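Asker: Please read through the structure below; I'll follow up with questions.
The values are calculated or read from the model by the stated rules, or taken from the named source; none is laboratory data. A quick note: this is a predicted structure, and the numbers were derived from the prediction, not measured. Methodologically, a virtual Cβ is constructed for each residue, glycine included, from the backbone with ideal geometry; neighbour enumeration extends over all protein chains shown. The accessibility values were calculated without ligands, DNA or RNA, using every heavy atom of the protein model including side chains. Shrake-Rupley method; radii C 1.70, N 1.55, O 1.52, S 1.80 Å.
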Amino acid sequence: MTGGVAGGAAAGGAAEGGGAAGGGAAAGGAAGPLAGFTVGVTAARRAEELVALLERKGAAVLHGPAIRIVPLHDDAKLLEATELVLARQVDAVVATTGIGFRGWVEAAEGWGLGARLLTALGDGLLLARGPKARGAVRAAGLVEDWSPSSESNAELLEHLLGLGVAGKRIAVQLHGIPLPEFTGALREAGAEVVEVPVYRWTGPADPGPLERLLEGVLSGQVDAMTFTSAPAAASVLETARQMGRYEEVVGALRRVLVVCVGAIAAGPLVAVGVPVVQPGRARMGALAREVVVELPARAVRVPVEGREIELRGQGVLVDGELRPVAPAPMAVLRALVQARGRVVSRKELLAALPGGGEEHAVETAVGRLRTALGDPGVVATVVKRGYRLAVEPSRFECGGVAV
């Protein structure tokens with residue numbers, strides 16, 4: 001997949017903003033759990049898989065790759081590290097990623113060092129961080145000696161330190177960025193560490209899709225952001241800086257749902273005060289399931305005129321059926337909901353409209369809102385005063401809890 005909009009035509013207002021596209025359900029149809037929500041995907045690798053998982057649940061998806069992987073098959077640093085590994089026996093080898101371990105073996109084969117490297121790796125203790133690294137190890141004809149159940153570097157490090165590493169020679173295959181906490185702890189414990197940089201991360205070749213994704217976050221058109229790596233999170237922050245909108249983007253990320261595949265991926269965001277949600281296991285499918293659970297749980301639900309209305313990012317569920325709502329009428333609805341049944345003046349509603357406008361723009365937006373909801377009585381006109389939602393103030397719910 002190339003960066004940019006994923007899926008088909010956007011539901012309702014998202015299309016008007018030139019933003020997200022993708023799943024959902026047609027007006028009046030049964031809604032998926034993510035129908036009416038727009039989710040941002042920053043992944044470079046396996047992005048198609050994550051996009052498909054989210055779209056199958058009804059989400060509209062906006063894809064802006066935050067990074068690209070640059071293999072180092074011909075890089076002098078990788079060759080130098082390989083020669084260091086081969087210079088004398090290594091006592092332990094840490095494989096952190098499947099793609100990195102495979103790339104290392106392939107590069108060594110290209111240099112005529114493949115057989116020697118596999119022998120060296122097989123002679124020492126071989127540790128694999130997770131199932132993908134284990135798969136790559138086994139595909140190379142080797143067998144790992146141990147792998148952490150948590151699939152985390154922290155557990156890997158704890159295991160190694162528990163074995164005792166003083167005086168040992170340990171090769172650590174890096175996964176795109178240095179691991180100073182990991183390698184530093186080994187060195188402090190007396191180990192000699194050979195760092196193997198198999199590939200590196202860099203910014204996207206075309207920053208346009210990522211910039212458009214961040215504009216969507218800033219404009220309120222994106223309801224959740226997903227991150228599958230720490231470099232992607234760091235790249236988003238750096239891109240925001242280059243756009244001259246760093247503080248705005250960080251502020252917006254604090255308001256939307258941010259889901260990271262694990263603690264490492266969350267690190268750069270947590271460091272700047274962005275709340276994150278993580279699945280129990282560091283898996284793409286688990287990340288998607290976390291979005292499916294968390295986004296609807298945050299929705300505001302309001303009983304109006306005998307119907308249940310649930311506000312979603314770019315649409316409304318009316319008795320469980322998705323009704324796409326364009327940005328202007330959606331802004332009016334949010335202002336009316338926030339008023340909790342109180343009369344909202346035309347002036348207040350005008351201030352809530354994206355881009356502002358003149359007073360007749362409020363009347364137009366209210367008319368479009370009534371049409372979208374399928375019931376003119378939901379929004380009551382209060383002569384010479386404004387509009388109100390036909391609901392008792394005590395009946396508002398957010399995430400199933402009255403507010």
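Asker: Find the accessible area per residue for the stretch 44-98; the probe is 1.4 Å, ligands and nucleic acids are left out, and the unit is Å². Working shown, then result.
Answerer: Numbers: 2400 Å² over 55 residues.
Spelled out: the 1.4 Å probe surface of the stretch 44-98, per residue, equals 44 Å².
Asker: Going Cα to Cα from residue 57, which lysines come in below 27 Å? Please leave out same-chain ones fewer than 8 positions away.
Answerer: 132
Asker: About the Cα centre of the chain, how large is the charge dipole given +1 on each Lys and Arg Cβ and -1 on each Asp and Glu Cβ? Please answer in debye to the nearest 20.
Answerer: So the dipole magnitude of the chain works out to roughly 1020 debye.
Asker: If you count only protein heavy atoms with a 1.4 Å probe, what accessible area per residue comes out for the stretch 165-228, rounded to a whole Å²?
Answerer: Ligands and nucleic acids excluded, the figure is 38 Å² per residue.
Asker: Do the sum for the chain: with -39,500 (n - 2.57) for every DSSP H run of n ≥ 4, divided by all residues, what is the mean residue ellipticity at 222 nm, to the nearest 500 deg cm²/dmol?
Answerer: On the way: 16 runs with 166 residues, N = 403.
Computed mean residue ellipticity for the chain: -12000 deg cm²/dmol.
Asker: Looking at 58, 277, 186, which one has the Cα that reaches farthest to the positive end of the dipole of the chain (charges on Cβ: Lys, Arg +1; Asp, Glu -1)?
Answerer: 58
Asker: Next question, about the same structure. Over the chain, what is the relative contact order in whole percent, taking alpha-carbon pairs under 8 Å and six or more residues apart?
Answerer: 17 percent
Asker: Something else: Would you mind listing how long the stretch 140-237 runs along its three principal axes, going by Cα atoms, in whole Å with the largest first?
Answerer: Projected onto its principal axes, the Cα set of the stretch 140-237 covers 55, 33, 26 Å.
Asker: I need to check one value: relative contact order of the stretch 282-355, counting alpha carbon pairs closer than 8 Å and at least 6 residues apart, in percent.
Answerer: 16 percent
Asker: While we're looking at this one, here's another question. With the chain treated as a Gaussian network of Cα nodes joined by springs under 10 Å, which of 142, 62, 349 yields the largest mean-square fluctuation?
Answerer: With Cα springs under 10 Å in the chain, the top fluctuation among 142, 62, 349 is at 142.
Asker: Suppose a student asked you for the relative contact order of the stretch 208-296, using Cα pairs under 8 Å spaced at least 6 residues apart; what percent would you report?
Answerer: 30 percent
Asker: Hey, how much of the P(r) for the chain falls beyond 27 Å, as a percent of Cα pairs? Working shown, then result.
Answerer: Numbers: 45830 of 81003 pairs.
Percent of Cα pairs beyond 27 Å in the chain: 57.
Asker: Also, quick follow-up: Expressed as a whole percentage, what fraction of the accessible surface of the chain belongs to carbon and sulfur atoms when a 1.4 Å probe is rolled over the protein heavy atoms?
Answerer: That share works out to 51 percent.
Asker: While we're here: Using the heavy atoms of the protein chains alone and a 1.4 angstrom probe, what is the accessible area of the stretch 269-389 per residue in square angstrom?
Answerer: So the stretch 269-389 comes to 46 Å² accessible per residue, rounded to a whole number.
Asker: Follow-up. Looking at the chain, send over the antiparallel percent of its DSSP beta bridges, to the nearest 5. Before the final figure, lay out each step's value.
Answerer: Numbers: 31 of 58 bridges.
Around 55 percent antiparallel, to the nearest 5.
Asker: Taking Cα atoms, how many degrees apart are the long axis of helix 208-218 and the longest axis of the chain, rounded to 10 and kept between 0 and 90?
Answerer: Between helix and principal axis, roughly 50 degrees.
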